[in-house]
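Single-structure report; data block below.
The values are calculated or read from the model by the stated rules, or taken from the named source; none is laboratory data. Being a predicted model, the structure only gives us computed values, none of them experimental. Here the Cβ positions follow ideal geometry from the backbone for every residue, glycine too, while neighbour counts run over all protein chains shown.
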Amino acid sequence: MIGIIGGSGFIGSALRKLLTDKKMDYISFDINMPEDNDPKCIVGNMLTGNALFQDTIIKCDTIIHLVAGPDLPKCQNDPSQSFISNLMSLQVVLDSCHIAGGKKIIFPSSAVVYGIQEDIPIRESATLKPTSVYAHHKIMCENLIKMFQEHFNIEYVILRLFNVYGRGVKGVFTKFVESINKGQEYQAYGLSQYRDFVYIGDVANAIYSACTSDKAMNKTINIGSGEGMQIREILDEIKRNYTNATYIENKANTILYDHIADISKAKLLLDYKPITKQYMSYIIGEEICIGNTIR
């Protein structure tokens, strides 16, 4: 049995659909009921000693921990809330796994832990250079998991996700389209930067593989497309779907850098086969931008 903690969110919803398609048995626990009213979803607050949460952990062999505060500006402005969302929630899960015994945890971390790197593409062995509260907290999460493995024999797979996109995510895609819908010119920054955009379907597949692969046990693995795409390319691709779309580049007040994943480890350990960036135009056209509305 697989337990998804935070199964009503962006990644959790995609993962529940995949597990259903794979006919895998799972339970989802979240503070919110998902829009699809999945009967396998339990609603409750994991931070309050919820008995249903404890029961979820006991019933499941593998726990996928998706609870986090992924909004970098909010985490930067409110470090205490970031600590609660990222560190405290994970501590509760790990404590429960330790008490129940015999558990494996899948933890989606983030490429933000790498910070500014000179060697591109980025390998998992790169020295971590966090530049934000969120990045520091993600590193603390990874170390906490490794400590529980060393002292309490809780197995893990850590997946460092690069820029995840797909229907329902709030990122450069939807922010640009929102400006278009309001008749506004989009204010863009750092358009020359390369980012590794990974489709949500690939992320869900990687998490599923991490649940089932013995080769990935106690490993940290990059999950990206393995290809870089400039922010400017993304905006120009969206413009092809919207004849009235305009944007202007402003001078960035932060250090610009590139992030592209080395995914050779994922290919080896997870049999990972992501879609390529040549498929991006289809995804933008069919998944993100429909007519002049966002879905």
ask   = Across region 181-218, which residue is farthest from residue 4 (Cα to Cα) among those that are surrounded by fewer than 18 Cβ atoms within 10 Å (Cβ to Cβ) and at pLDDT 95 or above?
value = 215
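Out of the residues in region 135-145 that are of a type outside the set (A, V, I, L, M, F, W, C) and touching a residue at least 12 places away in the same chain (Cβ under 8 Å), which is nearest to residue 217 (Cα to Cα)?
Filtering region 135-145 down to residues of a type outside the set (A, V, I, L, M, F, W, C) leaves 136-138, 142-143.
Then keep just the ones that are touching a residue at least 12 places away in the same chain (Cβ under 8 Å); that gives 137-138, 142.
Details: 137: 23, 138: 19, 142: 14 Å.
Taking the candidates together, the pick is 142.
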query = Which residue, of 255, 248, 275, is surrounded by fewer than 13 Cβ atoms within 10 Å (Cβ to Cβ), at pLDDT 65 or above and in a loop (DSSP other than H, G, I, E, B)?
reply = 255
ask   = Quick one: is residue 237 surrounded by 15 or more Cβ atoms within 10 Å (Cβ to Cβ), more than 22 Å from the chain's Cα centre (by Cα), part of a strand (DSSP E or B) and modelled with pLDDT under 95?
value = no
key: Boolean, residue 171 is in contact with a helix residue (DSSP H, G or I) (Cβ under 7 Å, 6 or more places away or on another chain) and either within 30 Å of residue 243 (Cβ to Cβ) or at pLDDT below 90 (or both)   = no
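Does residue 208 count as touching a residue at least 60 places away in the same chain (Cβ under 8 Å), aromatic (Phe, Trp, Tyr) and over 22 Å from residue 71 (Cβ atoms)? Talk me through it step by step, then tell me what you get.
Details: touching a residue at least 60 places away in the same chain (Cβ under 8 Å): yes; aromatic (Phe, Trp, Tyr): yes; over 22 Å from residue 71 (Cβ atoms): yes.
Yes, satisfied.
Can you pull out every residue in region 17-26 that is crowded, with 21+ Cβ neighbours inside 10 Å and farther than 14 Å from residue 209 by Cα?
Start the filter on region 17-26 by keeping residues that are crowded, with 21+ Cβ neighbours inside 10 Å, which leaves 19, 26.
Answer for region 17-26, where residues must be crowded, with 21+ Cβ neighbours inside 10 Å and farther than 14 Å from residue 209 by Cα: just 26.
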task = Identify the single condition in (1) under 16 Å from the mean Cα position of the chain (by Cα); (2) under 30 Å from residue 103 (Cα atoms); (3) among the hydrophobic types (A, V, I, L, M, F, W, C) that residue 217 does not satisfy, given that it satisfies every other one.
result = (1)
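Could you check how many residues of region 204-234 are out of contact with any strand residue (DSSP E or B) (no Cβ under 7 Å at 6 or more places or on another chain), within 22 Å of residue 269 (Cα to Cα) and either in a helix (DSSP H, G or I) or of a type in the set (Ser, Thr, Tyr) (or both)? Lay out the reasoning, then the answer.
Taking region 204-234 first, the residues out of contact with any strand residue (DSSP E or B) (no Cβ under 7 Å at 6 or more places or on another chain) are 204-205, 208-209, 212-215, 227, 232-234.
From what is left, the residues that are within 22 Å of residue 269 (Cα to Cα) are 204-205, 208-209, 212-215, 227.
Cutting the leftovers down to either in a helix (DSSP H, G or I) or of a type in the set (Ser, Thr, Tyr) (or both) gives us 204-205, 208-209, 212-213.
The qualifying residues number 6.
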ask   = Got at least one residue in region 90-108 being surrounded by fewer than 23 Cβ atoms within 10 Å (Cβ to Cβ) and within 24 Å of residue 165 (Cβ to Cβ)?
value = no
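Does residue 120 satisfy the condition of being aliphatic (A, V, I, L, M), in contact with an Asp or Glu (Cβ under 9 Å, 6 or more places away or on another chain) and in contact (Cβ under 8 Å) with a residue 12 or more places away in the chain? Spell out how you get there, then give the answer.
On the way: aliphatic (A, V, I, L, M): yes; in contact with an Asp or Glu (Cβ under 9 Å, 6 or more places away or on another chain): yes; in contact (Cβ under 8 Å) with a residue 12 or more places away in the chain: yes.
For residue 120, the condition - aliphatic (A, V, I, L, M), in contact with an Asp or Glu (Cβ under 9 Å, 6 or more places away or on another chain) and in contact (Cβ under 8 Å) with a residue 12 or more places away in the chain - is met.
Would you be able to tell me the number of residues in region 169-178 that are over 20 Å from residue 258 (Cα atoms) and either β-branched (Val, Ile, Thr) or surrounded by fewer than 18 Cβ atoms within 10 Å (Cβ to Cβ) (or both)? Let's see the steps before the verdict.
Here is the first cut: in region 169-178, the ones over 20 Å from residue 258 (Cα atoms) are 169-170, 174-178.
Right, trim to either β-branched (Val, Ile, Thr) or surrounded by fewer than 18 Cβ atoms within 10 Å (Cβ to Cβ) (or both) and you get 169-170, 174-175, 177-178.
Summing the residues that are over 20 Å from residue 258 (Cα atoms) and either β-branched (Val, Ile, Thr) or surrounded by fewer than 18 Cβ atoms within 10 Å (Cβ to Cβ) (or both) in region 169-178 gives 6.
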ask   = So which of 47, 52 ends up being surrounded by fewer than 21 Cβ atoms within 10 Å (Cβ to Cβ), in contact (Cβ under 8 Å) with a residue 12 or more places away in the chain, under 14 Å from residue 7 (Cβ atoms) and hydrophobic (A, V, I, L, M, F, W, C)?
value = 52
note = Flagged in region 69-89 as of a type in the set (Gly, Ala, Ser) and crowded, with 17+ Cβ neighbours inside 10 Å, in numbering order, are 69, 82, 85, 89
message = I need the helices (runs of 4 or more DSSP H) fully contained in region 1-110, keeping only those with at least 3 residues that are under 17 Å from the mean Cα position of the chain (by Cα) and aliphatic (A, V, I, L, M).
response = 10-21
